[in-house]
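Data first, discussion second: the structure below is written as structure tokens.
The values are calculated or read from the model by the stated rules, or taken from the named source; none is laboratory data. These numbers come from a predicted model, not from an experiment. Here the Cβ positions follow ideal geometry from the backbone for every residue, glycine too, while neighbour counts run over all protein chains shown. We work out accessible area using only protein heavy atoms, side chains counted, and drop any ligands, DNA or RNA first. Shrake-Rupley method; radii C 1.70, N 1.55, O 1.52, S 1.80 Å.
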Amino acid sequence: MKKIAFIGLGHMGEPMARNLLKNGSRLIVSDINQEKLKVFKGFGAIVAEKNFMSEQPEIIITMLPSGKEVRQIYESYIFPHLKSHQLLVDCSTIDVETTRQLALKAQDKKAYMIDAPVSGGVAGAEAGTLTFMVGGNTQAIEQVKPILLQMGKNIIHVGETGNGQAVKICNNMMLAIQMISVAEGFALAEKLNLPASALFEVASKASGQCWSLTQYCPEPNLVPNSPANKNFAPGFTTAMMLKDLRLSQQTAQNVGTATPLGAMATMLYTTHYNLAGGQLDFSSIIRLIKGQFGQQVQ
Ligand code: NAD
């Protein structure tokens, strides 16, 4: 059994780390939240006194809020002690540039870093059915695959380090735009006195069909398990979607690509965040589109 360090025991990290423990991994955990550490100690994980690197893990997994925390952990704790046989796996969603810079620094120490952001949300993390979009060296990925399979179902190798993050932000930008388009369809239908169920019945079999409509419909009670059915309890929060949209826009600017609908989606999600807060599921954007905050989007 490999010795694994897991840093970041939040909404996603906690169930992911618990799945590793369930499968018998030797786990060292770290988080700034002391309560989480106590809980994991109770589960049999090792809590390092100061630096998890002193326990000499073979694989170091990070699941942190943003690039800032990932960089801080790498610079302060990992790089000063990193040995060539240790493998770095960042599962957080962060910017491509930070990932590629950290991977180069790891390479200077003859170690590999792979990026493995996930989709599937908290439910997928709990069920161990996440999809990992993995970028990096093929041999390193083969080595880490059995561990990722303890937390997920699909491991998709998408090229060099950083490509996992690139896939993630492109996909989520597409998703946000798609969700807004579905919300606009239902908003217009409502004003035309067309029942939502009639639009759904046709569009879900016609050319308007997409995942946001058929799997995650923002109108309640048209598909099973949609957050709309439970008053937009998340799911994937507005705050998380806005974070990913901002990453997409920052990256688009860095590489000089026009993403006009991505820019518009970012603007709409920013307004939604300001009016509704970040904690509702991102599909609640339909409330903004329908003018339910007393503010009609132009
Ligand atoms: P979270 O905020 O719930 O968890 C982050 C954890 O990191 C917390 O336990 C926090 O205490 C810890 N932490 C923060 N700074 C730290 C530091 N300097 N050192 C050690 N620990 C630190 O976030 P989350 O929802 O678990 O998301 C984690 C990552 O996964 C994010 O990058 C997010 O974009 C991505 N993601 C989230 C979801 C989702 O549905 N929540 C889905 C896919 C991807």
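Points to keep in mind about this one:
- Count of the range 88-104 residues which are within 16 Å of the ligand (Cβ to nearest atom) and either surrounded by fewer than 18 Cβ atoms within 10 Å (Cβ to Cβ) or of a type in the set (S, T, N, Q) (or both): 5
- Number of positions in the range 238-274 that are in contact with a Lys or Arg (Cβ under 9 Å, 6 or more places away or on another chain) and over 30 Å from Lys205 (Cβ atoms): 3
- Test for Gln107: is it open to solvent by 10 Å² or more (accessible area, probe 1.4 Å) and touching a residue at least 24 places away in the same chain (Cβ under 8 Å): no
- Matching residues, the range 110-146, being open to solvent by less than 20 Å² (accessible area, probe 1.4 Å), among the charged types (D, E, K, R) and on the phi > 0 side of the Ramachandran plot: none
- Filtering Ser76, Ser54 for residues that are surrounded by fewer than 23 Cβ atoms within 10 Å (Cβ to Cβ), polar (S, T, N, Q) and near the ligand (Cβ under 9 Å from one of its atoms) leaves a single hit, Ser76.
- Residue in the range 134-152 that is more than 11 Å from the ligand (Cβ to nearest atom), under 19 Å from Arg246 (Cα atoms) and in contact (Cβ under 8 Å) with a residue 60 or more places away in the chain present: no
- Some residue of the range 180-189 being within 21 Å of Thr257 (Cβ to Cβ) and either touching a Pro at 6+ places or on another chain (Cβ under 9 Å) or not assigned by TED's automatic domain parsing to the domain that holds Ala140 (or both): yes
- Enumeration of residues in the range 19-37 that are within 13 Å of the ligand (Cβ to nearest atom) and either basic (Lys, Arg) or modelled with pLDDT under 95 (or both): Lys36
- Those residues of the range 153-166 which are without any contact (Cβ under 8 Å) to a residue 40 or more places away in the chain and either open to solvent by 60 Å² or more (accessible area, probe 1.4 Å) or within 17 Å of the chain's Cα centre (by Cα) (or both), in sequence order: Lys153, Asn154, Ile155, Ile156, His157, Val158, Glu160
- Selection of helices (runs of 4 or more DSSP H) fully inside the range 195-262 by the criterion of at least 3 residues being open to solvent by less than 40 Å² (accessible area, probe 1.4 Å) and within 16 Å of the ligand (Cβ to nearest atom) returns 238-255.
- Looking across the range 38-51, the residues that are over 16 Å from Leu82 (Cβ atoms) and either within 13 Å of the ligand (Cβ to nearest atom) or not aromatic (Phe, Trp, Tyr) (or both) come down to Lys38, Val39, Phe40, Lys41, Gly42, Gly44, Ala45, Ile46, Val47, Glu49, Lys50.
- Positions within the range 97-129 being basic (Lys, Arg) and assigned to a helix (DSSP H, G or I), in sequence order: Arg100, Lys105
Quick grid of which residues meet (1) closer than 30 Å to Glu97 by Cα; (2) in contact (Cβ under 8 Å) with a residue 12 or more places away in the chain:
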site	(1), (2)
Ile177	yes, yes
Ala189	no, no
Trp211	yes, yes
Gln215	no, no
Glu219	no, yes
Ser226	no, yes
Ala239	yes, yes
Leu242	yes, yes
